[in-house]
Amino acid sequence: MVTAKAWVLKKHFEGFPKTSDFDLKKIELPNLKDGELLLESVFLSVDPYMRPYSQRDMKEGDIMIGTQVARIIESKNPAFTVGAFVVARSGWRTHAISDGKDLQRLPSSWPESLPKSLALGTVGMPGLTAYFGLLEVCKVKPGETVLVNAAAGAVGSVVGQLAKIGGCKVVGSAGSDDKVAYLKKIGFDEAFNYKTVTSLDEALRKASPDGYDCFFDNVGGEFASIAINQMKKYGRIAVCGAISQYNDSMPQKGPYVQVPMIFKELQMEGFIVTRWNNRWEEGLKALLKWVVEGKVKYHEQVTEGFENMPTAFIGMLKGENLGKAIVKV
Ligand SMILES: NC(=O)C1=CN([C@@H]2O[C@H](COP(=O)(O)OP(=O)(O)OC[C@H]3O[C@@H](n4cnc5c(N)ncnc54)[C@H](OP(=O)(O)O)[C@@H]3O)[C@@H](O)[C@H]2O)C=CC1
Ligand SMILES: CCCCCC(=O)/C=C/[C@H]1[C@H](O)CC(=O)[C@@H]1CCCCCCC(=O)O
């Protein structure tokens, strides 16, 4: 008999999440039935989507949604051997029973020396978001100028590096000077701290006086309202996320997008990375290859201890992470 620890949503978030909105529970797991396997979480992911999706899909008392890299510690399913690592969608819990159907194996070419936690970040869902968003939504071409915000995070840092691989000029914004220094280190052409610039409009103009062909928007809100005015004619905006709005109790008001969209003949498209579920393998293979070759660099903000999941989640929403926010059990 195994006892799992799990974080539940005690109270729906009002505004910014608080540690008191979560409760740590113990759950006795039953013995495995034929076809089942027992997972032990090794790394758990904290992601922005947990804020809006918990509001939309969860009720109080539910285990927090989320993914983990887990080790199989017992198996009554011949397709899964004990000791193997998988990406699971078991929520914020130390142990879970699975029938194997919802599990993703790490790519077979995963080098032993590479942290398996990358399967939650650069070589996982956030990396794929960058890959498909840039290729399929922005449709970037060599020589174009790409703008990305939340650029030092899990998605943004990959967006910038893939755009560089694709022969683009890349401008990134982030919320601290350390993050800006990191962006320069990993090859961004221009980077600025959106919290300290006197004028966002000027900072964007200075970074690219001719404007932007592509804007990969992770933030939404005021940033997006200002950036849209600096798009080039026929520019493309990939609406990936709107983290500046996730904690709002009252929806923000415009400026509205129609006038710049018409004058500049822009394309603006929202997307969810699961649209390309049938090309997951292609994306992971490409990302893994670039990481192994050193063409895509990664950084992880690792919080130690399952008991610190709420703190890690809140810290990520506050911008305390450089690269992917991960919890190591
Ligand atoms: N459409 C899709 O399929 C997917 C969308 N996403 C979206 O992509 C975005 C980035 O996700 P991810 O890379 O995992 O997260 P990050 O690793 O980028 O972490 C979140 C970052 O957002 C920034 N941030 C927080 N609040 C604000 C704010 N008010 N204004 C500006 N920036 C803010 C912080 O960086 P800073 O210090 O720079 O402020 C923080 O570090 C999110 O909006 C997420 O919802 C992610 C995955 C899939
Ligand atoms: C206005 C909200 C925008 C949120 C954008 C975002 O961050 C989307 C993230 C999804 C990503 O594209 C694929 C995912 O896995 C994220 C959603 C996960 C939903 C969890 C569902 C419940 C579960 O895990 O059991």
Looking only at residues in region 156-182 that are out of contact with any strand residue (DSSP E or B) (no Cβ under 7 Å at 6 or more places or on another chain) and part of a helix (DSSP H, G or I), which one is most open to solvent (accessible area, probe 1.4 Å)?
178
If you go through 279, 275, 236, the only one that is within 30 Å of residue 107 (Cβ to Cβ) and away from ligand 2 (no atom under 16 Å from the Cβ) is 236
With the requirement that a residue be within 16 Å of ligand 1 (Cβ to nearest atom) and either open to solvent by 30 Å² or more (accessible area, probe 1.4 Å) or at pLDDT below 95 (or both), what does region 81-96 give you?
89
Can you tell me which residues in region 117-154 are under 19 Å from residue 173 (Cα atoms), away from ligand 2 (no atom under 13 Å from the Cβ) and not β-branched (Val, Ile, Thr)?
134, 138, 144, 147, 149, 151, 152
If I filter region 100-119 for residues that are open to solvent by 10 Å² or more (accessible area, probe 1.4 Å), within 14 Å of the chain's Cα centre (by Cα) and not hydrophobic (A, V, I, L, M, F, W, C), do I get at least one hit?
no
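Being within 15 Å of ligand 2 (Cβ to nearest atom) and touching a residue at least 12 places away in the same chain (Cβ under 8 Å): is that true of residue 163 here? Before the answer, list the steps.
On the way: within 15 Å of ligand 2 (Cβ to nearest atom): no; touching a residue at least 12 places away in the same chain (Cβ under 8 Å): yes.
When the stated conditions are applied, residue 163 does not pass them.
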Condition (residue is surrounded by 21 or more Cβ atoms within 10 Å (Cβ to Cβ), in contact (Cβ under 8 Å) with a residue 40 or more places away in the chain and not in a helix (DSSP H, G or I)) applied to region 196-208: is it met by at least one residue?
no
If a residue has to be open to solvent by less than 50 Å² (accessible area, probe 1.4 Å) and either within 9 Å of ligand 2 (Cβ to nearest atom) or assigned to a helix (DSSP H, G or I) (or both) to count, how many in region 45-57 make the cut?
7
When only residues in region 9-34 that are surrounded by 15 or more Cβ atoms within 10 Å (Cβ to Cβ) and over 22 Å from residue 318 (Cβ atoms) count, which is farthest from ligand 1 (Cβ to nearest atom)?
32
Wholly enclosed helices (runs of 4 or more DSSP H) of region 210-329 bearing at least 1 residues in contact (Cβ under 8 Å) with a residue 40 or more places away in the chain and within 25 Å of residue 94 (Cα to Cα)
309-318
Go through the residues of region 58-65 one by one and say whether even a single one is closer than 22 Å to residue 323 by Cβ, in a loop (DSSP other than H, G, I, E, B) and modelled with pLDDT of 95 or more.
yes
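The values are calculated or read from the model by the stated rules, or taken from the named source; none is laboratory data. Computed from a prediction, not measured in an experiment: that's the story for all the values here. Note that each Cβ is placed from the backbone with ideal geometry, even for glycine, and that neighbours are counted across all protein chains shown. Calculation scope for accessible area: heavy atoms of the full protein, side chains included, ligands and nucleic acids excluded. Shrake-Rupley method; radii C 1.70, N 1.55, O 1.52, S 1.80 Å.
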